[in-house]
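Let me give you the structure first, and then I'll get to my questions.
The values are calculated or read from the model by the stated rules, or taken from the named source; none is laboratory data. Note that the structure is a prediction, hence the values are computed from the model and not measured. Using ideal geometry, Cβ is built from the backbone for each residue, glycine included, and neighbour counts are taken over all protein chains shown.
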Amino acid sequence: MFKKITFFLFNKNNVSIIKKNKKNKIYIYNKNFYFLFILDNNTKYFLEKYAKYLIIFFLKNNLTAPILNAYLNKLFYSWNNYFFKKIKFSGKGYKIKKSKKKNIKLHFNRAHFTIFIFKKELLKKIRKTKCLIKGTNYNSLNNHINKIIYVRKLNLYTSKGLRLSRGIIFKKASKKGVSL
């Protein structure tokens with residue numbers, strides 16, 4: 001039984017195939033990046049140039065194909081496009097300040113404010129209580145978002161704090177009103 005990986009090639013990605021010494025080398029490249037596959041005799045491939053996709057068939061069964069397929073498709077997508085996440089917050093006295101550089105200051109009723117410095121991500125303040133962070137690397141974007149949300153997690157009783165936009169909030173009932 002074989003495993004199959006399908007790559008969707010986007011508009012600015014190009015493909016070159018070189019056959020040499022019973023091995024096939026597949027280059028996927030664009031203006032800034034390149035990726036190289038070296039295939040042996042146990043792997044077959046199918047390239048559709050007009051529909052812009054590449055299928056590689058692995059005859060060995062020890063490969064985790066779905067994980068690799070998702071990772072490489074996100075990688076090729078990120079060469080030309082952005083991923084983005086929105087952060088919302090609520091609470092009295094909570095502020096997010098963006099400076100001229102690529103950093104953000106968080107004031108969340110603490111003695112000290114927290115500063116995050118972004119290297120490759122872009123920050124845009126949409127409203128007073130909403131920010132948009134976008135970047136090309138999906139994994140580093142998720143890591144940064146998780147670190148920012150960890151500064152002031154959402155309180156389940158008052159529903160104040162940081163959260164991702166479009167998240168469902170369930171407010172807990174207060175402990176004072178419960179009688180047994």
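Select, from 175, 128, 171, the only residue that is without any contact (Cβ under 8 Å) to a residue 40 or more places away in the chain and in contact with a Ser or Thr (Cβ under 8 Å, 6 or more places away or on another chain). Walk me through it before giving the result.
Details: 175 fails: in contact with a Ser or Thr (Cβ under 8 Å, 6 or more places away or on another chain); 128 fails: in contact with a Ser or Thr (Cβ under 8 Å, 6 or more places away or on another chain).
It is 171.
Next up: From the list 25, 44, 19, 74, pick out the single residue that is under 26 Å from the mean Cα position of the chain (by Cα), modelled with pLDDT of 75 or more and either assigned to a strand (DSSP E or B) or not assigned by TED's automatic domain parsing to the domain that holds residue 126 (or both).
Values: 25 fails: under 26 Å from the mean Cα position of the chain (by Cα); 44 fails: under 26 Å from the mean Cα position of the chain (by Cα); 19 fails: under 26 Å from the mean Cα position of the chain (by Cα).
That would be 74, the only listed residue that is under 26 Å from the mean Cα position of the chain (by Cα), modelled with pLDDT of 75 or more and either assigned to a strand (DSSP E or B) or not assigned by TED's automatic domain parsing to the domain that holds residue 126 (or both).
Okay, moving on. Going through the range 135-161 one residue at a time, which ones are closer than 20 Å to residue 107 by Cβ and surrounded by 16 or more Cβ atoms within 10 Å (Cβ to Cβ)?
Correct list: 144, 145, 148, 149, 152, 154, 160, 161.
Restricting attention to the range 74-123, which residues are within 16 Å of residue 151 (Cα to Cα), of a type in the set (Ser, Thr, Tyr) and crowded, with 17+ Cβ neighbours inside 10 Å?
94
Yes or no: the range 131-142 includes at least one residue that is among the polar types (S, T, N, Q) and in contact with an Asp or Glu (Cβ under 8 Å, 6 or more places away or on another chain). If you could, list the steps in order and put the result at the bottom.
We begin by selecting, within the range 131-142, every residue among the polar types (S, T, N, Q); these are 136-137, 139-140, 142.
Subset that is in contact with an Asp or Glu (Cβ under 8 Å, 6 or more places away or on another chain): 140.
Looking for residues that are among the polar types (S, T, N, Q) and in contact with an Asp or Glu (Cβ under 8 Å, 6 or more places away or on another chain), one finds at least one in the range 131-142, hence yes.
A follow-up question, please. Just checking, which of 130, 134, 105 is modelled with pLDDT of 75 or more and over 22 Å from the mean Cα position of the chain (by Cα)? First the steps, then the outcome.
Details: 130 fails: over 22 Å from the mean Cα position of the chain (by Cα); 134 fails: over 22 Å from the mean Cα position of the chain (by Cα).
The match here is 105.
Also, I was wondering about something else. Looking at the range 91-180, what strands (runs of 3 or more DSSP E) fall wholly within it and have at least 3 residues that are under 28 Å from residue 33 (Cβ atoms) and not assigned by TED's automatic domain parsing to the domain that holds residue 70?
Details: elements: 95-98, 103-107, 114-117, 122-127, 130-135, 161-164.
Fully inside the range 91-180 and qualifying: 122-127, 130-135.
Which one is farthest from residue 83 (Cα to Cα), of the residues in the range 112-127 that are of a type outside the set (A, V, I, L, M, F, W, C) and more than 20 Å from the chain's Cα centre (by Cα)? Steps first, answer last, please.
Taking the range 112-127 first, the residues of a type outside the set (A, V, I, L, M, F, W, C) are 112, 114, 119-121, 124-125, 127.
Of the ones still in play, those that are also more than 20 Å from the chain's Cα centre (by Cα) are 112, 114, 127.
Working: 112: 31, 114: 24, 127: 20 Å.
Top of the filtered list is 112.
Do we find a residue being within 30 Å of residue 47 (Cα to Cα) and among the hydroxyl-bearing types (Ser, Thr, Tyr) anywhere in the range 84-101? Working first, answer last.
Residues of the range 84-101 within 30 Å of residue 47 (Cα to Cα): none.
So far as the range 84-101 goes, no, none of its residues is within 30 Å of residue 47 (Cα to Cα) and among the hydroxyl-bearing types (Ser, Thr, Tyr).
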